Amino acid sequence: MPSERLDRLDALRGLAMVWMTVFHFCFDLTHFGWIKQDFYRDPFWTWQRVVIVCLFLFCAGAGQAVASAQGQSWQRFWKRWIKVAGCALLVSAGSWLMFPGSFIYFGILHGMALMLIVVRLTVHWGRWLWLLGALAIASKFIAAYALTTLGSDQFVAWMNSPWLNWLGWITLKPITEDYAPVFPWLGVMWWGSAAANWAMPRLSPALTKPLFAIDRSLAILGRWSLSYYMLHQPVLMGALMGLAWMTGHAL
């Protein structure tokens, strides 16, 4: 590979960041009472979240394939991983202050921290990643059906407890502001790795062509995705609280 990063992959991640920002801005407007939307049940919003998370995790899986192809050391991997895990802990702490009854204990960063290790260990498995990804996604629905039809009440309650629902094999979604369990989302990361493994030797000229101006801007944003992710909500909420203070809007 001619460079350490694929600009087009960064641009796709940057697009997800922009979409996420718009989504969270609308969520914040609802939280502070400026608009009325149901982000927990309205398919218009719930499906947007699904697509945004898919983009993030697909890019994360693809990124591991690119890093592996470039011979990234385990030392460099762990350096990045520590940042992701540390930010996950900060998200839990911050969300507990804002939403003590529904704080984030296994959100997107928590899931990524665990799944990145799995993907790193399996990124060399070639075409098997497509099948593994499909099985990981299907397992969520298979488990829900099996628990509903075959599981005892005690076992179902055990699987739905916070100590195990990080797996995603549940029948009742936990009360939390963000939830990204291993299953099905590991499947999306595996598919991202599989897609990058397939594309790099076949589409290298197209992947490394110069970007348009807007693509370059998205690529820059995508390179700083973790920092941006951690900062955008405090900035958005702070701006809305400041606007509410200036306009006399009751929060």
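A short reminder: the numbers here are calculations on the coordinates, not readings from a lab. These numbers come from a predicted model, not from an experiment. Cβ placement follows ideal geometry from the backbone for every residue including glycine, while neighbour counts extend to all protein chains displayed.
Just a few scattered comments:
- Neighbour counts of other Cβ atoms within 10 Å put LYS140, LYS79 in the fewest-to-most order LYS79, LYS140.
- Net lengthening on full extension, ASN160/LEU236 (0.36 nm per residue, minus Cα-Cα): 24.1 nm
- For the pair TRP224 and ALA69, a Förster radius of 22 Å applied to the C-beta separation gives a FRET efficiency near 0.45, rounded to the nearest 0.05.
- Distance in nm between pseudo-label sites at ALA213 and LEU167 (7 Å out along the Cβ direction from Cα): 5.3 nm
- Put simply, the amide H of PHE39, placed in the peptide plane, has no neighbours under 5 Å, leaving out anything fewer than 5 places away on its chain.
- Two-site label geometry, VAL22 and TYR40: point separation in nm, points 7 Å out along Cα→Cβ: 2.6 nm
- Percent RCO, i.e. relative contact order, over the stretch 7-247, from Cα pairs under 8 Å lying at least 6 residues apart: 36 percent
- For Kirkwood radius over Cα pairs in Å, calculated from these coordinates, the label among (1) 17.9; (2) 18.5; (3) 19.6: (3)
- Largest-first ellipsoid semi-axes for the stretch 1-88, taking √(5λ) over the Cα gyration tensor eigenvalues, angstrom: 33, 14, 11
- Of the residues TRP163, GLN72, PHE99, the one whose Cα sits farthest towards the positive end of the charge dipole of the chain is GLN72 (charges of +1 on Lys and Arg Cβ, -1 on Asp and Glu Cβ, taken about the Cα centre).
- FRET efficiency for ARG80 and TRP125, using Cβ-Cβ distance with R0 set to 22 Å, rounded to 0.05: 0.55
- Average 1/r across all pairs of distinct alpha carbons in the stretch 111-222, invert it, and you get the Kirkwood radius: 16.3 Å.
- For the chain, the number of Lys pairs separated by eight or more positions or lying on different chains, with C-alpha atoms closer than 30 Å, is 5.
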